[in-house]
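Encoded as structure tokens, the structure appears first; notes follow it.
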Amino acid sequence: MRTTQIKLAAALLCAIAANDVLAQAAKPAAKPGAAAPAAAKPSTGFLPPAASSAHVIDSVYVIVNDEVITNREVDRRVNEYTQRARAANMQLPAPEDLRRQAVEAMISERAQLQLAKEMGVRVSDTELDRAIGRIAESQKMSVQELRNQAEKEGMSYAGFREQIRNEIMMSRLTDHEVDSKIQVSEAEIDTYLAAEKAAAAERVEMDIAQIMVRIPENASPEQIAARKARADEVARQLRTGADFAKMAATYSDAPDALKGGAIGWRDPASLPTPIANELRKLKPGQSTQVIRANFGFLILKLNDVRKQATEQAQAGPAAVTQTHARHIMLKVTPTLTEADARKRLAEYKAKIDSKQATMEDLARQFSQDSSASKGGDMGWLEPEDTVPELTTAMDALQPGQVSDVVKSPFGLHIVQVIERKTQDAAKERERTVARQVLTERKRGEALEDWARQVRDRAYVEFREEQ
């Protein structure tokens, strides 16, 4: 359960971080003031469009389909990016470039949220409360402390809640529209593992950054040529000594633009082969020439290289017993004593044993663990994947049986074993890791392509400020 909670907390944090990734993954913005009859036209020159003055605080800045983004919203987003960049000691682009990047991020985000609503993606207040609780827990704060922190940073708690709701909606949308459609075959895994074993002795990781000049969907030859010219000019300035991070923040259309293009440490095997090959030609500190990708033009910088740690063979038997289990957890609080929690769980067990209710339904209604939305399903667990108290309880059960009340450091539980299996653990883990790497390799490009399509389909009209 400990590992399960950590994984779930991490997944939630990834969903929150994904707001920046999804919101900024879009084509270059149209010049403010140029109204488009169907969709905003991309900028075709090298210089970014100049930002308008901000003398009108709450006028309409841009229309996205049937919603508006106001100047005040844009100013707030620019301030957030500015504070984040200064905290990271990152060089900021010119104000007009920063504003352009912020606006484009907001357009993409708004278009994706509108699509999520059209598709019926919803986050209930109960789900939102649980998510905020998990965020607070992961930050080692109470919910009240998290609220105080948000308000200290100038955001109302209601605004903070809606931001988290939107981020969860966008995460669910991409799960449905992108992640669920990525397929990795067993043959691909076999090929990957064979290549990995052959290259194990020379395995490295690369710390990389990128500048992306995106090509809009259905671009004309003239637009493609203009985007290529833009990328070539960026490459020329880099060759003459321009700062890569500042150039990325100024001109890149990638989600990480306002982070200086920083991607971080990556295994070259997880990157598309043409890109990995270009990076292998570089020494730390060098940048590639312009690389043509299906979504645009890339310039990559190799910051550093390090040797990958090789996994040591683990002692012990290769086979391990895995248990698929559900649980219901209640936390002891000032309003719920341990005695009352034990009584409730005993009542739930009695209902399950008498077939008046199922473990899954009761977990969805009453469990206070992050697995509640999945009917208490903790997935397949190995002995080290959960705390000893739950492992001991599960080991004593046959499939279908429900335990008596169990106390752990997390709260009070009842546990149900669904099924068991014995696996060659080393081989299974190896294939699981390979599947994850291949999925992530496909996901990056699929996400970029999908986000571009959503952005390009949106009706976008910029308004002149009065």
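Where a number appears in this text, it was derived from the coordinates with a stated rule and is not lab data. What you see is a predicted model; the values in this text were computed from it and never measured. We place every Cβ from the backbone using ideal geometry, glycine too, and count neighbours over all the protein chains shown.
When you count the other C-beta atoms within 10 angstrom of each residue and take the mean per peptide, 369-379, 205-215, 250-260 line up highest first as 250-260, 205-215, 369-379.
Relative to its Kirkwood radius, the Cα radius of gyration of the stretch 101-192 gives an Rg/Rh of 1.11. In this label model, Lys281 and Val433 are separated by 3.1 nm, measuring between points 7 Å along each Cα→Cβ vector.
Please report, to two decimal places, log10 I(q)/I(0) for the stretch 253-394 at q = 0.11, 0.14, 0.16 Å⁻¹ as given by the Debye formula with identical point scatterers on the Cα atoms and no solvent. Listed by q, the Debye log ratios stand at -0.74, -0.81, -0.88.
Our coupling estimate for the stretch 128-137, obtained by passing each phi through the Karplus curve with A = 6.51, B = -1.76, C = 1.60 and θ = phi - 60°, is 5, 4, 5, 5, 5, x, 5, 4, 4, 4 Hz, Gly and Pro reported as x. Amide H contacts of Ser408: His413, each under 5 Å away and 5 or more positions distant or on a separate chain (H built 1.01 Å from N in the peptide plane; Pro and chain starts excluded).
Computed from backbone phi, the HN-Hα couplings of the stretch 66-71 come to 10, 10, 10, 10, 8, 4 Hz, rounded to whole numbers (Karplus: 6.51 cos²θ - 1.76 cosθ + 1.60, θ = phi - 60°; Gly and Pro given as x). Annotation: amide H of Thr70 within the under-5 Å range of Tyr61, sequence separation 5 or more or interchain, hydrogens built in the peptide plane.
The alpha carbon centroids of the stretch 425-466 and the stretch 197-247 are separated by 18 Å.
Over the C-alpha atoms of the stretch 315-421, the Rg to Rh ratio, Rh being the Kirkwood estimate, stands at 0.98.
Give the value in nm², to one decimal: projected area of the alpha carbon convex hull of the stretch 187-338, averaged over all directions. Each step should come with its number before you reach the end.
Values: hull surface 69.6 nm².
Averaged projected hull area, Cα only: 17.4 nm².
Full extension of the segment from Ser373 to Asn294, taken as 0.36 nm per residue of separation minus the current Cα-Cα distance, would add 24.7 nm. Note on the stretch 250-293: along the principal axes its Cα atoms extend 26, 22, 20 Å, ordered by decreasing extent.
Ranked by the mean number of other Cβ atoms within 10 Å per residue, highest first, peptides 112-122, 136-146 order as 112-122, 136-146.
Both radii come from the Cα set of the stretch 67-123: Rg as radius of gyration, Rh as Kirkwood radius; their ratio Rg/Rh reads 1.09. Packing here is the average count of other Cβ atoms within 10 Å per residue, and on that basis the peptides 291-297, 356-362, 124-130, highest first, run 291-297, 356-362, 124-130. Per-residue Karplus couplings for the stretch 381-387, computed as 6.51 cos²θ - 1.76 cosθ + 1.60 with θ equal to phi - 60°, are listed in order as 10, 9, x, 7, 7, 9, 6 Hz, Gly and Pro entered as x. What the Cα convex hull of the stretch 407-466 gives, in volume per residue, is 285 Å³. Residue-normalised convex hull volume from the C-alpha trace of the stretch 166-235: 224 Å³ per residue.
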